[in-house]
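A short worksheet on the structure shown next.
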Amino acid sequence: MKNLFFLFFFVCAIRVLAQNPDLPADFLTKEFHKERRDKLREKLPANSVAVFFANAVRNRANDVDYVYHQDPDFYYLTGYKEPNAVLFIFKDNQTSANNKQYNEIIFVQPRNAIFEMWTGRRLGDVGTKERIGIEQSFNNTEFKKYNVDFTKFSQVLFFDFKNDVRNETYDSADLYDIIEHFKAKVNYPKPSTVSLNPEPPKNNLNTKDLDGIMDQLRGIKTAPELDMIRKAVTISCRGQNEVMKAMKPGMSEREVQGIHEYVFKKYQAEDVGYGSIVGAGHNGCILHYVDNYKPSLTNKELILMDLGAEYHGYTADITRTIPVSGKFSPEQKQVYDLVLKAQEEAMKICKPGTTFQDLTRVTKEVVNKGLKELGIIQDEKERHLYYPHGCCHHIGLDVHDRGEYDKLQENMVITIEPGIYIPDDAKCDKKWWGIAVRIEDDYLITKDGCEHLSVVAPRKTEDIEAMMKLPSPLDDFDLPALDKKGE
Ligand code: GLY
Ligand code: MN
Ligand code: MN
């Protein structure tokens, strides 16, 4: 009787959980992902198979894991957002045990009423077949006995393992087990046989060439991806604009971060594409400053804000630097205008055929000439750390996205992000100390130029100052002090 009750409970639970949840209507379609797999297949060498593993679940502390984020290559090829899965894409048709022809197969985590009650819905094999559209979809518990002779392929391509995946004892088919089974199937060399200077493998395992193939594919954005990127970019610009309107001395770096991220969520962005960087004064000199601890911003400071909303997997990467007071000081404006000039010179040559190195060189030349004119350096050729990074990178499913880093091509999406960072102890006049400026925008490379995607967030000092004069819906948003009782 008790058993019957539990059975009834499980059936009810799985029915409730199986109901289609309310979902946004603008996810990438299964046709998009299938077309990407077909394009990958075209690029594979003769008689080969490419293998992709889902991202690992990472533990945060004790019994709390980090919010799961799919491996971007896996997501690109499938749209599948759950862990503990493996995907095979074959160059040529294979024949299944029941004589079916197939050229791709996926193993995913199975439905499970109890796990789904605790940690969320799962597609399972049936859902994966329907929603992801891979005909050969199986539960990962079947993978151990998946019987393919991998020695017959000229090459088995995959990304090598970093041996940093946990084996969860309650799950005998988690990613760790999948990898172990895979290693056994393909005769992956045992650790004891790996020397410090390994010879090229004598077997058919290829852990090198998928990188280049995925760079070629993901570096050139398709129309549905551009829709996602445009949304991520516009949302991120709106975050910048709302902060410009709301900015007041006395706010904290964390509060500024919160306004951006609230706007992201308001527009249904799931996540941030990277840790939000909000640094006032000399904190802006730390390129990837994510502490965001400064409790009270002062009127004299600039605040550098580098944030990107992640919308359905695709991230923007936008930086604005604004004066807390609403008005740039003369020194702040001089440095700011120099960074802006560097960005604009790079924009002029941002078109197919230009190299990433060309873009960096142009921005460095402008910055070095300007720093000398301002007396911050003595010689344009002087080695210094005021602009220590490159100016451009692809964006997409990763903030520093895959793509070829040579000549720009139509439908690449890149950043242009020069900066000048003058720390408090710099060897120049004290009046420059604590001025850190980065201006970062996102661009779609077109047939003969580029489209400035993040144009909605102002960049010129007068436009920023004008935006900062506008009223904000947050002007009246006051919360009681923490030590105040009641409302
Ligand atoms: N947000 C990191 C970067 O600008 O590259
Ligand atoms: Mn960037
Ligand atoms: Mn950035």
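The values are calculated or read from the model by the stated rules, or taken from the named source; none is laboratory data. A quick note: this is a predicted structure, and the numbers were derived from the prediction, not measured. Cβ sites come from the backbone with ideal geometry, for glycine too, and all protein chains shown count toward neighbours. When the accessible area is computed, the model is the full protein with side chains, heavy atoms only, and any ligands, DNA or RNA have been set aside. Shrake-Rupley method; radii C 1.70, N 1.55, O 1.52, S 1.80 Å.
Accessible surface of region 215-293, 1.4 Å probe: 54 percent of it comes from carbon and sulfur atoms.
Using all pairs of distinct alpha-carbon atoms, the Kirkwood hydrodynamic radius of region 370-467 works out to 15.8 angstrom. Phi angles across region 58-70 convert, under the Karplus curve 6.51 cos²θ - 1.76 cosθ + 1.60 with θ = phi - 60°, into 3J(HN,Hα) values of 10, 7, 8, 5, 6, 9, 10, 9, 5, 4, 5, 10, 5 Hz, Gly and Pro given as x. For Lys427, the lysines whose Cα falls under 29 Å of its own Cα, not counting residues fewer than eight places away in the same chain, are Lys294, Lys300, Lys327, Lys333, Lys341, Lys364, Lys369, Lys372, Lys381, Lys460. Taking every full run of DSSP H in the chain, none both stretches at least 30 Å from end to end by Cα along its long axis and averages 0.0 or higher on the Kyte-Doolittle scale. Since only Val148, Gly273, Ala232 are under comparison, the one whose Cα sits farthest along the positive direction of the charge dipole of the chain, derived from C-beta charges on Lys, Arg, Asp and Glu, is Val148.
Exposure check, 1.4 Å probe, all protein chains in place: Tyr386 carries approximately 20 Å² of accessible surface.
Within the full protein context, the accessible area of Lys39 is estimated at about 70 Å² for a probe radius of 1.4 Å. Relative to the Cα centre, the charge distribution of region 56-182, modelled as +1 at Lys and Arg Cβ and -1 at Asp and Glu Cβ, gives a dipole magnitude of about 220 debye.
The residues of the chain expose, per residue, 52 Å² of accessible area to a 1.4 Å probe.
If you look at the Cα atoms of region 62-200, you get an Rg and a Dmax of 16.2, 49 Å. Basic side chains Lys and Arg get +1 at the Cβ, acidic Asp and Glu get -1 at the Cβ, and with that the dipole of region 347-487 about its Cα centre reaches some 540 debye. Using a Cα-Cα cut-off of under 16 Å, which lysines could be cross-linked to Lys447, ignoring same-chain neighbours fewer than 8 residues away? Cα-Cα hits under 16 Å: Lys221, Lys348, Lys351, Lys407.
Going by accessible surface with a 1.4 Å probe and the largest first, Asp125, Asp92, Asp177 read Asp92, Asp125, Asp177. With all projection directions averaged, the alpha carbon convex hull of the chain covers 30.1 nm². Here is how the number arises for the chain: DSSP H runs of 4 or more residues each give -39500 (n - 2.57), the sum is divided by the residue count, and the result at 222 nm is -10000 deg cm²/dmol.
Calculated from the alpha-carbon coordinates, region 24-74 shows an Rg and a Dmax of 15.7, 47 Å respectively.
With viscosity 1.002 mPa s and temperature 20 °C, the Kirkwood radius over alpha carbon pairs of region 320-443 converts through Stokes-Einstein to a diffusion coefficient of 141 µm²/s. Rounded, prolate or oblate: which one fits region 242-291, using the alpha carbon gyration tensor with axes a ≥ b ≥ c (rounded when a/c is under 1.5, else prolate when a/b beats b/c, else oblate)? Oblate shape, in that a/c is at least 1.5 and b/c is the bigger or equal ratio.
Diffusion coefficient (Stokes-Einstein, Kirkwood radius over C-alpha pairs, 37 °C, 0.692 mPa s) for region 149-293: 162 µm²/s, rounded to a whole number. Think of region 431-487 as a dipole: +1 on every Lys or Arg Cβ, -1 on every Asp or Glu Cβ, centred on the Cα centre; then among Thr461, Trp433, Pro480, Trp433 lies furthest on the positive end.
Taking every DSSP beta bridge that has both ends in the chain, the antiparallel portion is near 85%.
Simple point charges give the picture: +1 on the Cβ of Lys and Arg, -1 on the Cβ of Asp and Glu, and for the chain a dipole about the Cα centre of about 640 debye.
Counting only the backbone N, which residues of region 430-451 are under 16 Å from the spot 7 Å out from the Cα of Leu385 toward its beta-carbon? Output list for this probe position: 433-437.
Projecting the alpha carbon convex hull of region 18-142 along each direction and taking the average yields 8.9 nm². The alpha-carbon of Lys162 sits under 19 angstrom from the alpha-carbons of these lysines, leaving out residues fewer than 8 places away in its chain: Lys183, Lys185, Lys190, Lys208.
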